[in-house]
Amino acid sequence: MSRKRAKLVRGTTRSAGPIDKYFGDRLRARRIMMKMSQEDLGHSLGISFQQIQKYEKGTNRLSAAMMVGVG
């Protein structure tokens, strides 16, 4: 009798959850506190201001490595 291993199936798309929205809100609050525009922050991190918008809205996930560079 052969046993088949159960395969862990992951969806191909990952959606941002409530924690991503929370980090986005914190990123936006910190950026405003520092009196920076999205463009300024994006330039200092080497990414576009559109990417900053996505992080702040919680559309895209923000990596821990990216957060270390902020602030």
Practice problem: For region 26-53, enumerate the residues that are open to solvent by 40 Å² or more (accessible area, probe 1.4 Å), touching a Leu at 6+ places or on another chain (Cβ under 9 Å) and under 18 Å from Ala16 (Cβ atoms). | Solution: Ile47, Gln51
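Quick check on Gly58: is it open to solvent by less than 80 Å² (accessible area, probe 1.4 Å), at pLDDT below 95, within 12 Å of the chain's Cα centre (by Cα) and small (Gly, Ala, Ser)?
On the way: open to solvent by less than 80 Å² (accessible area, probe 1.4 Å): yes; at pLDDT below 95: yes; within 12 Å of the chain's Cα centre (by Cα): yes; small (Gly, Ala, Ser): yes.
For Gly58, the condition - open to solvent by less than 80 Å² (accessible area, probe 1.4 Å), at pLDDT below 95, within 12 Å of the chain's Cα centre (by Cα) and small (Gly, Ala, Ser) - is met.
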Practice problem: Among what's in region 1-46 and is closer than 16 Å to Leu62 by Cα, aliphatic (A, V, I, L, M) and more than 12 Å from the chain's Cα centre (by Cα), pick the residue that is modelled with the lowest pLDDT. | Solution: Leu45
Self-check item: Lone unmet requirement of (1) among the charged types (D, E, K, R); (2) within 12 Å of Asp20 (Cβ to Cβ); (3) part of a helix (DSSP H, G or I) for Arg61
Solution: (3)
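The values are calculated or read from the model by the stated rules, or taken from the named source; none is laboratory data. Since this is a predicted model, take the numbers as computed values, not measurements. Here the Cβ is made from the backbone with ideal geometry for all residues, glycine too, and neighbour counts use every protein chain on show. Each accessible area value is taken on the protein alone, full model and side chains, heavy atoms only, with ligands, DNA and RNA left out. Shrake-Rupley method; radii C 1.70, N 1.55, O 1.52, S 1.80 Å.
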